[in-house]
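What follows is a set of notes on a single structure, which appears directly below.
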Amino acid sequence: MTHMHITSWVLAIILFIVALVLMKSNNEKGAKIVSMITRLFYIFVIVTGVMLFMSMPEPTGDYHIKMLAGILVIVVMELIFASVKRHRSVTLYWILFIVILLTTIYLGLKLPMGMKFF
Ligand code: HEM
């Protein structure tokens, strides 16, 4: 299950970048399709995350913070989409994206299931 979770968020991020590149190159139709697929992957990320959480008999540790951080990564990705579409500045959102993404990955790897690096 951790593999499915990791595959889901890695693919979501790759699709997110592809959608942004298409938006920037004014390929509206392509951007629309790829951003819809990205959103489908958000669902996979959330479902696999919740399934991981439920597979823990007695979750101990920062599970709630990990899940909140994971949701926030998705929220910031949507904010970036919205700002790029409206040609607004995205610098602040990119900083937030990197900080929250790294925090989420750190918390995920620190928690007991799957790989445990920290
Ligand atoms: C883009 C967003 C996300 C990223 C980058 C991310 C990243 C990670 C990483 C790196 C792991 C560790 C996997 C392993 O040790 O093999 C993990 C595990 C986990 N994630 Fe996520 N995640 C995200 C979203 C979510 C969401 C939305 C939820 C829940 C609603 C969630 C819940 C969990 C749970 C419960 C675990 C298991 C923790 C453990 O005991 O190892 N994640 N995630």
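FYI, it's all coordinate maths here, none of it is from the lab. From a predicted model like this one, the values you see are computed outputs, not experimental measurements. Don't worry about glycine lacking a Cβ; one is built from the backbone with ideal geometry, like all the others, and counts go over all protein chains shown.
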Given (1) under 18 Å from residue 110 (Cα atoms); (2) more than 16 Å from the ligand (Cβ to nearest atom), number of the condition residue 30 does not satisfy: (1)
Any hit, region 54-65, residues being without any contact (Cβ under 8 Å) to a residue 24 or more places away in the chain, surrounded by 14 or more Cβ atoms within 10 Å (Cβ to Cβ) and either among the hydroxyl-bearing types (Ser, Thr, Tyr) or at positive phi (or both): no
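One line per residue, one yes/no per condition, for (1) within 8 Å of the ligand (Cβ to nearest atom); (2) of a type in the set (Asp, Glu); (3) within 12 Å of the chain's Cα centre (by Cα); (4) not in a helix (DSSP H, G or I):
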| residue | (1), (2), (3), (4) |
| --- | --- |
| 7 | no, no, yes, no |
| 17 | no, no, yes, no |
| 26 | no, no, no, yes |
| 47 | no, no, no, no |
Residues (free of Cβ contacts under 8 Å to residues at least 40 places away in the same chain and within 15 Å of residue 93 (Cβ to Cβ)) located in region 14-39: 17
Residue 80 hydrophobic (A, V, I, L, M, F, W, C), touching a residue at least 40 places away in the same chain (Cβ under 8 Å) and either within 12 Å of the ligand (Cβ to nearest atom) or surrounded by 12 or more Cβ atoms within 10 Å (Cβ to Cβ) (or both): yes
Positions within region 92-118 being loosely packed, with under 13 Cβ neighbours inside 10 Å, over 18 Å from residue 52 (Cβ atoms) and within 10 Å of the ligand (Cβ to nearest atom), in sequence order: 102
Pair list, Cβ < 6 Å and 6+ apart or interchain, from region 90-118 residues that are among the polar types (S, T, N, Q) to residues that are within 6 Å of the ligand (Cβ to nearest atom): 104/70; 104/73
